[in-house]
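The values are calculated or read from the model by the stated rules, or taken from the named source; none is laboratory data. Since the model is a prediction, treat every value here as computed from it, not as a measurement. Here the Cβ positions follow ideal geometry from the backbone for every residue, glycine too, while neighbour counts run over all protein chains shown.
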């Protein structure tokens, strides 16, 4: 289980809104959500926003994730490092 307190578990993020508002801190917080689909979408939004503050939290998230989310995390880290062949 992820290291979250009760208020974090009740956190139901609007990922699209966070992306549009470039809410990096909110998207990073969403990486710890209980629902893997929210973590996956937060990862994709961080990739689109492209703020390097997300690199360390993304890398830390790799060890906890299902393979689908790991794939999104790795693609996002590649974009930040300039090694991506394509943006999905």
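Taking the conditions exactly as written (under 15 Å from the mean Cα position of the chain (by Cα), at pLDDT below 95 and surrounded by fewer than 20 Cβ atoms within 10 Å (Cβ to Cβ)), does residue 12 satisfy them or not? So residue 12 fits the description; yes.
Rundown of residues vs (1) surrounded by 12 or more Cβ atoms within 10 Å (Cβ to Cβ); (2) under 10 Å from the mean Cα position of the chain (by Cα); (3) on the phi < 0 side of the Ramachandran plot; (4) modelled with pLDDT of 95 or more, yes/no style:
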residue	(1), (2), (3), (4)
18	yes, no, yes, yes
21	yes, no, yes, yes
24	yes, yes, yes, yes
27	yes, yes, yes, yes
31	yes, yes, yes, no
35	no, no, yes, no
43	yes, yes, yes, no
51	yes, no, yes, no
56	no, no, yes, no
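Against the conditions (1) modelled with pLDDT of 90 or more; (2) loosely packed, with under 11 Cβ neighbours inside 10 Å; (3) closer than 23 Å to residue 63 by Cα, where does residue 6 fall short? Just the number, please. Only one criterion in (1) modelled with pLDDT of 90 or more; (2) loosely packed, with under 11 Cβ neighbours inside 10 Å; (3) closer than 23 Å to residue 63 by Cα is unmet by residue 6, namely (1).
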